[in-house]
Structure formats: C-alpha cells, structure tokens
1. Every residue in region 326-375 that is assigned to a helix (DSSP H, G or I) and either over 25 Å from the mean Cα position of the chain (by Cα) or hydroxyl-bearing (Ser, Thr, Tyr) (or both), please.
2. Those residues that are out of contact with any Leu (no Cβ under 6 Å at 6 or more places or on another chain) and more than 14 Å from the ligand (Cβ to nearest atom), I need them from region 67-80; list them, please.
3. Identify all residues within region 296-325 that are surrounded by fewer than 20 Cβ atoms within 10 Å (Cβ to Cβ) and not in a helix (DSSP H, G or I); write none if there are none.
4. Answer with yes or no whether His83 is farther than 22 Å from Glu182 by Cβ, within 16 Å of the ligand (Cβ to nearest atom) and surrounded by fewer than 18 Cβ atoms within 10 Å (Cβ to Cβ).
5. Among (1) touching a helix residue (DSSP H, G or I) at 6+ places or on another chain (Cβ under 9 Å); (2) more than 17 Å from Phe169 (Cα to Cα); (3) not hydrophobic (A, V, I, L, M, F, W, C), where does Asp41 come up short?
6. Select, from Lys365, Lys406, Lys337, Lys398, the only residue that is over 30 Å from Val147 (Cβ atoms) and either at pLDDT 95 or above or in contact with a Pro (Cβ under 8 Å, 6 or more places away or on another chain) (or both).
7. From (1) among the polar types (S, T, N, Q); (2) in contact with a helix residue (DSSP H, G or I) (Cβ under 7 Å, 6 or more places away or on another chain); (3) buried (at least 23 other Cβ atoms within 10 Å of the Cβ), pick out the condition that doesn't hold for Thr268.
8. Any residue that is touching a residue at least 24 places away in the same chain (Cβ under 8 Å), within 18 Å of Gly225 (Cβ to Cβ) and among the polar types (S, T, N, Q) - is there at least one of those in region 23-34?
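The values are calculated or read from the model by the stated rules, or taken from the named source; none is laboratory data. Keep in mind that this is a model prediction, so the values were computed, not measured. Heads up, the Cβs are rebuilt from the backbone with ideal geometry, glycines too, and the neighbour counts pull from every protein chain shown.
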Amino acid sequence: MERYPLKEDIWWVGAIDWNVRDFHGYETKRGTTYNSYLITDEKKTLVDGVRNGFGPEVLRRIGNCCDPKTIEYLVVNHVELDHSGSLPWLIEKLSPVTVVTSKRGRDSLEQHFANEGFAGWDIQVVGSGDELSLGKYTLSFLEVPMVHWPDSMFTYVKEAKTLLPNDGFGQHLASSKRFADENDMNIVFEEAARYYANILMPFGTQIKKTLGRVQELGLEIDVIGPSHGVLWRRPEDIERIIQAYADWTEFEAEPKVALIFDTMWKSTEKMTRAIEDGIAQEGVRCEVHQLGRTPMADVALAVLESQAFLVGTPTLNNGMLPSVGAFMTYIKGLRPKNRLVGAYGSFGWGGGGVKQVNQVLEELKLDQVDPLELKFIPTEDDLSACVEWGRSVARRLKQTAEADAKA
Ligand code: FEO
C-alpha cells in the first residue's frame with residue numbers, strides 16, 4: 001500500500017477510515033484517518049498506532065519502506081483506543097520493539113492492556129525535554145496533559161522540523177490526499193474547527209499553555225503531522241491553524257447568534273423564527289439549528305463560532321424535550337466560555353423545560369439574558385415579544401463589540 005513522504009526518511013503510514021460516522025457521539029460525516037509516522041533512520045521508529053482492526057493496513061504501508069521487524073522504537077503519544085487499539089497486534093508484529101511513552105502513557109497502557117500482553121512489553125518512559133537520538137534525527141518530547149488526555153504528548157523531530165502532536169491540530173477528515181493544501185482548504189479548516197469544538201473545547205486552558213510552551217521553546221515547524229486528517233506543511237497554513245487554535249482557546253468568535261431548539265407542536269419553532277427575525281432586524285447574523293435534525297457535532301461547531309447561543313425547548317413532562325436534554329448534557333461537558341446565552345420556549349400548563357435549560361446555563365457561568373417563556377400557541381403579541389427579545393440579544397452583542405473596539 002502507498003506510503004507518503006513528509007521529509008527525507010519520514011513517512012505517513014497510517015490508515016484511512018472512510019466510513020466511520022460516529023466517534024464517541026461526534027458525527028464524523030467525512031470519516032477520519034488514524035495517522036502513524038515511520039522514521040527510517042538508523043534506529044527505525046514508528047510514531048503512534050491506529051484503531052483496532054487497522055493494523056494490517058499500517059503494516060502493509062510500513063512494508064513498502066522497511067522490514068517491520070527492523071523497527072526499534074514505537075512512540076505512543078496518547079493511549080486513547082483510536083491510536084492504541086491496534087497496539088497489542090502491532091507490537092507482536094514488530095517485536096522486539098521498545099515502546100516509548102510518558103509516565104502517564106505507561107500507566108494508561110497498563111490499565112488498557114494488562115490482559116493483552118502489557119507485562120511483556122519493553123517500555124521506555126520519557127518526559128518533557130527528553131531526547132532520543134535515532135541517527136541523523138533526534139526526537140524531542142513534550143508532555144501536554146489534556147491535549148486530549150492526561151497522557152498526551154507531542155513528539156518533535158528536531159532536524160526535520162516536524163511536529164507530531166497527536167490529537168492537536170487534527171481533523172476528522174478522510175482523504176486520498178495527505179496534505180491540507182492538496183485538499184479543499186475550506187473543508188479542511190471547517191473540519192479542524194468542528195474537531196476542536198467537539199474534542200478539544202473543554203481543554204482550552206491547557207491548550208493555551210501548550211501553545212505558549214511551543215513558542216517559548218522556539219520550535220521551528222516545517223510540517224505538522226497530527227494523528228487525524230491531513231497534514232499541514234505550507235507556512236501560511238501552519239500559521240493559520242496555530243492562530244485559529246489561539247483564537248479558539250480564547251473563545252474568540254463572530255458577532256453571530258446560534259439559535260438551537262427543538263419543538264413539539266411548533267410553538268417553540270414559531271418563537272425561534274420570531275427571535276431570528278428580531279436578531280436580523282438589528283443587522284446581526286444568526287443561524288438556526290433544530291436538535292434531532294442537525295448533528296450535535298454541527299451544533300457544537302455553531303457554539304464555537306458564535307458569540308451568543310440561545311436554547312429553545314418546549315416542556316414535556318415538566319422538563320426539557322429529550323433532544324434538548326441531550327444537547328444540554330453535551331454542551332455542559334464542552335464547557336464553553338465567553339458567550340452570551342439565554343433560554344426560551346413554550347409550555348402547556350406547568351412549565352419546567354425552560355427552567356431546566358436555564359439551570360444548566362447558570363452552571364456554565366456564562367453571561368445570561370433573562371429567559372423567555374410562553375404558554376401554548378404564541379399570539380401576535382407573544383411573537384412581537386419574541387422579536388423584541390431577539391433584538392435585545394443582538395443589541396447586547398453589538399454593545400460588547402463596540403466596547404471591545406474601544407478597549
Ligand atoms: Fe484521537 Fe484522543 O484520540
């Protein structure tokens with residue numbers, strides 16, 4: 001199978017998963033890749049494994065570069081199963097091989113593979129600043145806890161100026177082309193943003209620290225080879241994706257409102273359309289997503305890209321509609337910051353749905369507008385109140401933008 005050169009004697013030898021559509025709840029409409037990198041230096045080294053079942057694809061690609069049995073090191077940057085699921089199989093095929101990982105990586109490998117041969121694996125623990133000479137190339141390691149798990153680590157190939165940051169800078173994007181610039185860049189950046197929104201949003205503080213650390217170390221970067229999706233090699237693309245990460249960690253977003261709702265008998269939908277109208281009257285952009293119809297991953301992306309999001313629900317059995325409840329659970333885990341938020345919706349007799357949404361929004365400690373709740377079918381006056389509610393949210397956004405511009 002084809003292998004792809006990144007630099008002299010550095011190869012992409014990963015696996016393409018065209019058909020995955022659910023990545024722990026994240027709808028991966030364009031599939032993904034699991035990226036492994038092979039360095040055919042004096043000491044041959046494989047960086048990162050792949051998901052269980054994709055090992056044979058990797059082994060065939062390695063076989064186009066070298067005898068797999070001549071590989072001395074297998075670097076494990078991160079133990080989540082999309083990268084380590086194949087390890088027991090792969091290690092058996094490569095053995096003898098030394099597994100190079102962080103202390104937390106070692107512990108995590110033991111917890112995952114105690115029943116699959118871990119006790120027999122030769123492990124070399126490395127930490128931030130440690131180096132491993134392969135011959136002409138030197139690997140330098142940087143532990144980056146919570147980018148995406150406590151065990152996460154970056155591997156930097158010094159002389160090749162190649163950063164292998166595992167989940168960092170990735171996208172769930174299957175492609176027959178390996179480099180970002182060989183693909184539609186609008187799609188690449190859209191998928192990079194969707195990936196950040198759904199996988200990395202809760203870890204912005206740690207990611208910001210990591211970006212600072214990379215800057216302090218003065219790492220020169222010619223190529224970024226993430227563990228998912230396509231690789232970054234043009235200087236302008238590398239600069240853009242690093243800047244995008246810096247902006248996302250700060251929750252920088254467009255002055256735009258995302259209306260996220262579901263409806264039972266169309267009352268909350270009517271409210272949504274009136275609120276949308278009010279926002280538009282103020283000249284502020286708005287996008288509307290009905291839960292259950294729009295994939296949750298897309299709704300999370302809308303939250304990343306909008307300065308405000310408003311959540312609409314009818315009341316069912318004194319609570320939120322289940323689709324809204326699922327979204328509130330998801331967004332609570334993603335922990336967005338620096339957003340203007342609000343709850344709205346309709347009810348028949350006792351209410352309760354809007355109250356529940358509002359409670360979750362309060363827990364997120366975001367800037368909140370007063371909720372808007374209406375009984376049964378909205379009257380013309382009710383709809384006028386919705387328009388005004390939308391206008392007031394839009395005005396708040398504009399005031400914030402004006403204050404920011406003056407600051
Ligand atoms: Fe791609 Fe956190 O695994």
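1. Selection gives Thr329, Tyr330, Gly353, Val354, Lys355, Gln356, Asn358, Gln359.
2. Asp67, Lys69, Thr70, Glu72, Tyr73, Val75
3. Leu316, Asn317, Asn318, Gly319
4. no
5. Result: Asp41 passes all but (1).
6. Within the list Lys365, Lys406, Lys337, Lys398, the selection yields Lys398.
7. (2)
8. yes
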